[in-house]
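Each remark here refers to the structure printed beneath this line.
Nothing in this text is a laboratory measurement; each read-out follows from the coordinates by a stated rule. As the structure is a computational prediction, the values presented were derived from the model and not from experiment. Heads up, the Cβs are rebuilt from the backbone with ideal geometry, glycines too, and the neighbour counts pull from every protein chain shown.
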Amino acid sequence: MLDKVKELIGDVKAFNASTKEEVEIFRIKYLGGKGLLKELFAEFKNVDAQLKKDLGQALNTLRNAAEGKVTELNASLENNQSQKSFYGDLTRPSEPINLGSRHPISLVKNQIIEVFNKVGFTVSEGPEIEDDWHNFTALNLPSHHPARDMQDTFFIEQDPDILLRTHTSSVQVRYMEENQPPIRTISPGRVFRNEDISARAHCIFHQVEGLYIDTDVSFADLKQTLLYFTKEMFGKSKIRLRPSYFPFTEPSAEVDIYWGLETETDYRITKGTGWLEIMGCGMVDPNVLKNANIDPVKYSGYAFGMGIERIAMLLYQIPDIRMFYENDKRFLEQFKSVI
């Protein structure tokens, strides 16, 4: 009998439970009114007097071990339950998480970058607070040039030399100053102009400007690049270039794509012509190359620029440019399914 009690003591010490129900079954088994200890103490009366001392000590050890085990397991399980309630039921299915989405301007900017990356254009960035040299003078716009009036500028603290950039062409100047040809880069970014805010214009908007400089670069190279872009971006294969004027390119042109006249919307956005202006472009003026310490005799290049908001409004048929900046969740949630 003594060996049996010692074996039970070992079982009690080795016992573990993961629920209070298991602890209660264990308690009833050993300490209940009809449990093992009740039976063993009943048999203890019939044991020889010589064995009662050792057996009595073993039975007391078994009882203390069983009571201690019950107390220990209940305390441990209560502590776990308290910790579990603090963090919540970790096994419970979670609430559905509302997925966000990229802003339509970011979507279009990334798409434009991807299109030009495929033909070797890298991305260059520069400061939004710019100086007069990089924003105007180096781009063939000296202080007396009338074209400066075309870009109503935000100046910083009335300092005529520090301003918010009016185009990302300033980034191209900085890139040319730090890199020698061949140069093939695009400069996406935010620009600022002191204009009245309306459905078609804003004082803050985004541009992507491209620059390619190398030996023997021609206007035909520019046209082919623009045709590739319009096919990739819009799926349109018909473009036209109209003569225009930009101080930093010569010759210069406006680029139109043939949008078509298939729907009422097409008639509205193209004013019934089927043609839609999307960007400006031209061959880099030799003076701009000189200002960036690039030899205009050896090198030539082309540049182009487009407004990201204008492209986004075309692609997603957004009627008002102000919607991009109002942070209306109903507007932004429409782009959740767009990668």
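Which values of log₁₀ I(q)/I(0), to two decimal places, follow from the Debye formula for the stretch 246-339 at q = 0.21 Å⁻¹ with a uniform point scatterer at every Cα? The Cα Debye sum returns log10 ratios of -1.02. Think of it as helices only: each DSSP H run of n ≥ 4 in the chain is worth -39500 (n - 2.57), and spread over all residues that comes to -13000 deg cm²/dmol at 222 nm.
Note on R322, R174: ascending count of other Cβ atoms within 10 Å places them as R322, R174, the fewest first. Convex hull volume per residue, computed on the Cα atoms of the stretch 159-241, equals 144 Å³.
Working from Cα pairs under 8 Å separated by at least six residues, relative contact order for the chain is 16 percent. Each Lys and Arg adds +1 at its Cβ and each Asp and Glu adds -1 at its Cβ; summed about the Cα centre, the stretch 204-339 shows a dipole of about 220 debye. Taking label points 7 Å from Cα along the Cα-to-Cβ direction, E39 and N287 give a separation of 11.0 nm. Spin-label model, Y245 to E95: label points 7 Å out along the Cα-to-beta-carbon direction sit 6.1 nm apart.
Find the all-direction average of the projected area of the Cα convex hull for the chain, expressing the result in square nanometres with one decimal place.
It is 31.9 nm².
When every Cα-Cα distance of the stretch 95-201 is counted in 10 angstrom steps from zero, the calculated P(r) takes the values 13, 35, 31, 16, 4, 1, 0 percent. Counting neighbouring Cβ atoms within 10 Å and putting the fewest first, the residues W275, W133 line up as W133, W275. Straight Cα distances below 23 angstrom link K4 to the lysines K13, K29, K34, K38, K45, K52, K53, K69, with same-chain residues fewer than 8 positions distant left out.
Label zone (K236, point 7 Å along Cα-to-C-beta; backbone nitrogen cut-off 19 Å) within the stretch 278-321: 278-282, 304-321.
Sorting M233, M306 on the 10 Å Cβ count, fewest up front, what's the list?
Numbers: M233 20, M306 23.
With the fewest neighbours first, M233, M306 line up as M233, M306.
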